[in-house]
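The values are calculated or read from the model by the stated rules, or taken from the named source; none is laboratory data. Keep in mind it's a predicted model, so treat the numbers as computed, not measured. Virtual Cβ from ideal backbone geometry, glycine too; neighbours counted across all protein chains shown.
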């Protein structure tokens, strides 16, 4: 995949022109995929390009209220590639970009940078200084600069509007089924396995402590049935996400017990996909009570995976 960054005047645009989708595309959920899919409904000679942002615009406009991310930029690029995107322009939303007028944005990035012949956006798309540009503005500019515009409804077949905000709310509530229905896949946390205190092994269930980026949305604390991707292979697992109140701790940790796997995973890059929340996090009266509950949690996770197969 070709990645464009920096000054669009230095980009090498597709010779035959581009079909361009614009958006933050955080999580590349099913609504985003509708926008991206609209690029297939045109000239097959056009190169499919996504224009996205390295950081969320809200991080500059209202940093104290910037939402957590549904995916890292690396994962976003992978998901865009899976959706058929051939090139991605990663814009940095800075003070210069935020002051461009809608016309300047179009002329600089879409026309000069990408040689856009067709542009797809979601309904309600806004752009340019103070978000003055609307889909109508884009259509007017398209007529002036010679590209068509497709405004895509990002609702599900049942009429539900798919928004990253709604997915974040579902994740925060531990409603992983609702989040997955909008994402088109289970919600994931990517991270690296780091050394822990060895307490899981003492309890009879060795765990991998997964350190994940602080900018990602965190599911509601509790115990989950999850799958863990290690070296490209998916494994069934049970995870505890929280502060381990039985031991009086306060730091948030993600501990994953991979079913049927007991080996050193330190340093491994893994992806934890949250399938179903089994229970809330709670404090137990002693180690033996905790051990007994962990056995029940493992059995509950196994039932979740068995039900998915049947």
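Below are the figures for this structure:
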quantity: Inter-residue pairs, beta-carbon under 7 Å, first in the same structural domain as residue 279 (by TED's automatic domain parsing) and at pLDDT below 95 and in the range 160-176, second buried (at least 21 other Cβ atoms within 10 Å of the Cβ) and not in a loop (DSSP other than H, G, I, E, B), 6+ apart; calculated: none
quantity: Meets criteria (in the same structural domain as residue 96 (by TED's automatic domain parsing) and surrounded by fewer than 18 Cβ atoms within 10 Å (Cβ to Cβ)) for residue 6; calculated: yes
quantity: Matching entry among 76, 108, 48, 34 (being touching a strand residue (DSSP E or B) at 6+ places or on another chain (Cβ under 6 Å) and part of a helix (DSSP H, G or I)); calculated: 34
quantity: Count of the range 260-290 residues which are part of a helix (DSSP H, G or I) and surrounded by 15 or more Cβ atoms within 10 Å (Cβ to Cβ); calculated: 1
quantity: Subset of the range 80-102 (residues that are out of contact with any helix residue (DSSP H, G or I) (no Cβ under 6 Å at 6 or more places or on another chain), surrounded by fewer than 21 Cβ atoms within 10 Å (Cβ to Cβ) and assigned to a helix (DSSP H, G or I)); calculated: 81, 82, 95, 96, 97, 98
quantity: Residue that is surrounded by the most Cβ atoms within 10 Å (Cβ to Cβ), among those in the range 128-156 that are modelled with pLDDT under 90 and within 16 Å of residue 35 (Cα to Cα); calculated: 154
